[in-house]
Amino acid sequence: KKFTQEHEWVDVENGIATVGITNHAQNALGEIVYVEAAELKDVEKGDTIGSVESVKAASDIYAPISGKVIEVNAALSDEPGLLNESPEDEGWLCKIQLSAEDEVKDLLSAAEYKKFCEEAH
């Protein structure tokens, strides 16, 4: 898995990136009550691809890589709490067919992300 400074995670397999929010992000947000899913469309790295709302705050989700959103996790519309219960597994947000696989190397490793979170707080 790779990570962004905006607290998204990316797991790439066969040119398809599964994207979600990190455990750190869901902890900071608190109880998540609504998820606005990504649209099935082309996205550029940094584009807003959805949002989550918690009892504390609303937060945009950004595309960690460029490509085409090919699938969204429909379970989140009925069960937004999956993002709290299983943020880095069952609570994934969308899948993106990569258009620029070299962008993955710009993402943080697990150790780099952990260090970033520790330094930021």
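The values are calculated or read from the model by the stated rules, or taken from the named source; none is laboratory data. Every value quoted in this text rests on a predicted model; they were computed, and no experiment measured them. When we count neighbours, we look across all protein chains shown, and the Cβ atoms used for this are built from the backbone with ideal geometry, even at glycine. All accessible areas refer to the heavy atoms of the entire protein, side chains included, with ligands and DNA or RNA removed. Shrake-Rupley method; radii C 1.70, N 1.55, O 1.52, S 1.80 Å.
I'm checking my understanding of the structure. Among residues of segment 91-121 that are open to solvent by 60 Å² or more (accessible area, probe 1.4 Å) and not in a helix (DSSP H, G or I), which one is farthest from Y62 (Cα to Cα)?
So, considering only residues that are open to solvent by 60 Å² or more (accessible area, probe 1.4 Å) and not in a helix (DSSP H, G or I), the one farthest from Y62 (Cα to Cα) is H121.
With farther than 27 Å from K105 by Cβ, open to solvent by less than 40 Å² (accessible area, probe 1.4 Å) and touching a residue at least 12 places away in the same chain (Cβ under 8 Å) as the only criterion, which of S54, S66 stands out?
Result: S54 is the single residue among S54, S66 that is farther than 27 Å from K105 by Cβ, open to solvent by less than 40 Å² (accessible area, probe 1.4 Å) and touching a residue at least 12 places away in the same chain (Cβ under 8 Å).
Could you say which residue among T22, T48 is open to solvent by less than 20 Å² (accessible area, probe 1.4 Å) and either among the β-branched types (V, I, T) or within 18 Å of D89 (Cα to Cα) (or both)?
T22
So which residues in segment 23-44 are assigned to a loop (DSSP other than H, G, I, E, B), touching a strand residue (DSSP E or B) at 6+ places or on another chain (Cβ under 8 Å) and closer than 22 Å to Q97 by Cβ, if there are any at all?
If the condition is that a residue be assigned to a loop (DSSP other than H, G, I, E, B), touching a strand residue (DSSP E or B) at 6+ places or on another chain (Cβ under 8 Å) and closer than 22 Å to Q97 by Cβ, then A37, A38, E39, L40, K41 are the ones that fit.
Could you please find all residues in segment 76-90 being open to solvent by less than 30 Å² (accessible area, probe 1.4 Å) and either aliphatic (A, V, I, L, M) or out of contact with any helix residue (DSSP H, G or I) (no Cβ under 9 Å at 6 or more places or on another chain) (or both)?
Of everything in segment 76-90, those that are open to solvent by less than 30 Å² (accessible area, probe 1.4 Å) and either aliphatic (A, V, I, L, M) or out of contact with any helix residue (DSSP H, G or I) (no Cβ under 9 Å at 6 or more places or on another chain) (or both) turn out to be L76, P80, G81, L82, L83, S86.
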